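Read the structure below first, then the notes.
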Amino acid sequence: MRRLIPATLITLFVLGMFYPFISGYVHARFGKQEDRSALIGQWVGIVQLQPLEGKHQPPSYEHGSGIITLTFKPAVFSYLSKLQATGEITDLEGHVKGVETENFMTPFDPHQGSFSVRTKGLNQDDALTGTLECRFDGGVLTIRGFETPEMYITGVLKPGTAQDYREQIKDLDNAPSTPITGEPDGK
């Protein structure tokens, strides 16, 4: 009996420590759709790639276009409101750069709001390491500013699929060099 009490207390302590993580993960994966962030899923769109020459310039025809895809999903072993994202950018010359975000809190209203998150380039390529600042409103995700060591990125994304991303890459030569909608001054 003396061994049972410490074992029970240790078991309860361990369960108590991991309960918030396990319940948050289960709820994020299997909870009601309206309780989950509307950001979850894949986003595709045209971005403006501006080289950093001192300070970034507003989008113009002098800078290159690219196609970005970002996929948001609940962070593993976290509360419901934390997300993480992975993605890639393809530029006019066909260079592909991968990116992932740190876990971040979604806006208070999961259907509208702003968020800022640190990013890290994949495959030991720091070209996309920086800070991503976005505005989310309904079905549009506006990249208001994504400053990296090499460039400043702005653009507008909409829900999409891997097929949409591939099709937009094919049409990249005809893509406009400024975002179609959104905030053209990147603010």
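The values are calculated or read from the model by the stated rules, or taken from the named source; none is laboratory data. These numbers come from a predicted model, not from an experiment. In case anyone asks, the SASA skips ligands and DNA or RNA and just uses the protein heavy atoms, side chains included. Shrake-Rupley method; radii C 1.70, N 1.55, O 1.52, S 1.80 Å.
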Seminar exercise, completed: Order by accessible surface, 1.4 Å probe, largest leading, for residues Ser37, Ser114 comes to Ser114, Ser37
Seminar exercise, completed: Taking a ≥ b ≥ c as the square roots of the eigenvalues of the Cα gyration tensor, with a/c under 1.5 meaning rounded and otherwise prolate when a/b exceeds b/c and oblate if not, region 128-168 is oblate
